[in-house]
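The next block holds one structure in the form of structure tokens; read it before the comments.
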Amino acid sequence: MLETTAEPFTADLSPEEFIRAAMRWHFSPETGSPYWLKRAAELDFNPLTDVATWADLDLFPEVSGEWRDVSVDDLVPAGLTGGHWDFQVFDSGGTTGSPKRIVESRSRRNGVLWVSEVLAEHGIPGEGGGHWLHLGPTGPHIVGRSIGLLAQLRRTFCHYIDLDPRWVKSSLKQGHSDEAARYVRHILAQAADVLSTQPVSVLFATPPVLEALAADERLLDLVRDKVRGIVWAGTSVSPETLRFLEEEVFPEARVAGLYGNTMMGIAPQRPRNGDPADAGCVFVPFHPFSRVRVVDPENPTAEVAYGERGQARISLVSRDLFLPWTLERDSLLRVAPTAAYPQDGVADVQPLTRDGGPVAVEGVY
């Protein structure tokens with residue numbers, strides 16, 4: 001089974017205790033990373049004494065842009081450099097420029113354990129339920145490893161059809177939509193080979209790839225015949241298209257969505273347990289290590305009310321990495337928590353657009 005390591009600050013702590021423990025970890029010379037120990041000397045406050053709540057993270061400047069250039073060695077906490085060393089480096093998608101890079105040891109894997117439990121609530125097949133097929137990015141993107149770990153938790157194989165989202169976005173930005181469409185057909189041809197020869201029961205794909213798959217009669221028949229679980233992520237999808245995919249295209253499969261990115265991790269769809277608030281597709285982050293605030297784009301420290309639309313502002317606080325509040329180019333709705341999922345949810349994720357600003361190109365991931 002998937003090996004994990006306990007966090008130095010755990011989910012059973014109060015929010016204030018959690019943040020204080022995180023500050024001690026990331027800003028003490030014995031355990032902190034070279035990046036944050038150097039950065040602390042440039043701050044006009046002391047994280048060890050002045051940061052005690054999630055709101056206090058507002059004191060930190062926006063730093064994620066610096067992770068485009070910083071050596072990833074400097075991001076590794078000193079508290080994790082002894083003994084068994086198992087860090088990996090992953091890139092962001094590069095939608096807003098050159099990629100940002102993170103390092104990861106075990107914290108994201110702990111998150112995958114929780115995501116697996118949520119997917120089980122959705123009815124996604126478990127152990128003995130067949131292979132997984134991943135139609136999406138692998139390295140340098142973390143999503144491929146995460147999907148593989150979800151299959152591993154079910155003691156089964158994951159087949160990979162690698163997808164290069166940067167190439168597709170570049171083609172679309174240059175007006176070569178025909179090239180992007182040909183690339184998707186190339187991906188689907190490889191998927192057909194796996195589906196026709198292997199016992200695949202769970203499929204991971206993006207909404208654009210699922211729509212292209214639905215237009216291929218032979219491939220659609222293969223999926224309908226074999227697949228009993230579909231996990232989607234990577235691009236936005238309208239409520240109408242999602243309903244079409246769930247109810248008309250794949251009526252025999254359990255369908256669940258994932259929201260997230262390299263910087264914040266995975267926020268799985270909240271299971272629909274009869275609560276009217278879950279009638280749509282509501283995502284919840286890995287509490288308390290990952291948080292998403294929905295804020296006023298004109299005042300990024302002010303959260304919008306439940307049911308209102310705003311901009312995503314994310315934070316990641318784990319033993320491997322510390323990312324204070326940073327704005328993402330996503331527009332979404334803020335959704336109230338439930339008894340089963342006591343953290344805020346987000347819904348109807350769309351690319352953020354501003355009057356006169358550039359339109360984000362999502363491509364196929």
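Where a number appears in this text, it was derived from the coordinates with a stated rule and is not lab data. Remember, it's a predicted structure, so these values are computed and weren't measured experimentally. With ideal geometry, Cβ positions are generated from the backbone for all residues, glycine too; neighbour counts draw on all protein chains shown.
Between residue 287 and residue 179, 0.36 nm times their residue separation minus their Cα-Cα distance comes to what?
34.8 nm
If you find the alpha carbon centre of the stretch 201-262 and of the stretch 329-349, how far apart are they in angstrom?
Going from one Cα centre to the other spans 22 Å.
Could you give the length gained on full extension between residue 55 and residue 238, defined as 0.36 nm per residue of separation minus the Cα-Cα distance, in nm? Could the numbers behind the result be given before it?
Values: separation 183, 0.36 × 183 = 65.88 nm, distance 3.23 nm.
Extra length from residue 55 to residue 238 when fully extended: 62.7 nm.
Taking neighbour Cβ counts within 10 Å as the exposure measure, how do 164, 91 sort from fewest upward?
164, 91
Return the whole-Å distance between the Cα centroid of the stretch 40-66 and the Cα centroid of the stretch 72-129.
The two parts, judged by their Cα centres, are 24 Å apart.
Name the chymotrypsin sites (Phe, Trp or Tyr not before Pro) in the stretch 1-95 that are in a loop by DSSP and that have at most 11 other C-beta atoms within 10 Å, would you?
Answer by residue number: 85.
Restrict the search to the stretch 49-133; then list the GluC sites (Glu not before Pro) that DSSP places in a loop and that have at most 13 other Cβ atoms within 10 Å of their Cβ.
On the way: sites: 62, 66, 104, 117, 121, 127; in loops: 62, 127.
When the GluC sites (Glu not before Pro) of the stretch 49-133 are filtered for loop state and at most 13 Cβ neighbours within 10 Å, 62, 127 remain.
Tell me which residues come under 5 Å, amide H to amide H, from residue 70 once H is placed; ignore anything under 5 positions away on its chain.
Close amide H contacts, sequence-distant or interchain: none at all.
What residues have an amide H closer than 5 Å to that of residue 133, excluding those fewer than 5 places away on the same chain, when H is modeled at 1.01 Å from N in the peptide plane?
Hits under the 5 Å cutoff: 159, 202, 203, 204.
Which residues make up the longest stretch of the chain clear of trypsin sites (Lys or Arg not before Pro) that lie in a DSSP loop with no more than 12 other Cβ atoms within 10 Å, not counting the sites?
Numbers: sites that count: 155, 354.
Of all site-free stretches, the longest is 156-353.
Could you list 80, 48 in order of exposure, starting from the residue whose Cβ has the fewest other Cβ atoms within 10 Å? Could you put the intermediate results ahead of the total?
Values: 80 22, 48 13.
Placing the least packed residue first, the sequence is 48, 80.
Taking the simple approach of a point 7 Å from Cα along Cα-to-Cβ for both residue 13 and residue 296, what is their distance in nm?
Modelled inter-label distance: 3.2 nm.
Tell me, what ³J(HN,Hα) does each residue in the stretch 320-336 have, in order and in whole Hz, if you take phi through Karplus 6.51 cos²θ - 1.76 cosθ + 1.60 with θ = phi - 60° and put x for Gly and Pro?
Using θ = phi - 60°, the values come out as 7, 8, 10, 10, x, 3, 9, 7, 10, 8, 10, 9, 7, 9, 8, 10, 5 Hz.
If you restrict to DSSP beta bridges whose two residues both lie in the chain, what percentage is antiparallel, to the nearest 5? Present the calculation step by step, with values, prior to reporting the outcome.
Details: 31 of 48 bridges.
Percent antiparallel among DSSP bridges in the chain is about 65.
Which cross-chain or sequence-distant (5 or more) residues have an amide H under 5 Å from the amide H of residue 270, H modelled 1.01 Å from N in plane?
282, 283, 284
Which residue fluctuates most in the GNM of the chain (Cα springs below 10 Å): 26, 159, 186?
It is 186.
I'd like the Karplus ³J(HN,Hα) series for the stretch 50-57: coefficients 6.51, -1.76, 1.60, θ = phi - 60°, whole numbers in Hz, and an x wherever there's a Gly or Pro.
In residue order, the calculated couplings are 9, 10, 10, 9, 4, 5, 5, 5 Hz.
Quick one: length gained pulling residue 216 to residue 193 fully straight, 0.36 nm per residue minus the C-alpha distance?
In short, 6.9 nm is gained.
So what's the back-of-envelope 222 nm ellipticity for the chain, counting only DSSP H runs of four-plus at -39500 (n - 2.57) apiece and dividing by all residues, rounded to 500? Show your work: numbers first, answer last.
Numbers: 10 runs with 106 residues, N = 365.
Counting only the DSSP helices, I get -8500 deg cm²/dmol.
Give a quick list of GluC sites (Glu not before Pro) in the stretch 215-313 that DSSP marks as loop, anything other than H, G, I, E or B, with at most 14 other Cβ atoms within 10 Å.
Here the GluC sites (Glu not before Pro) that fit, given the DSSP loop and packing criteria, are 252, 298, 308.
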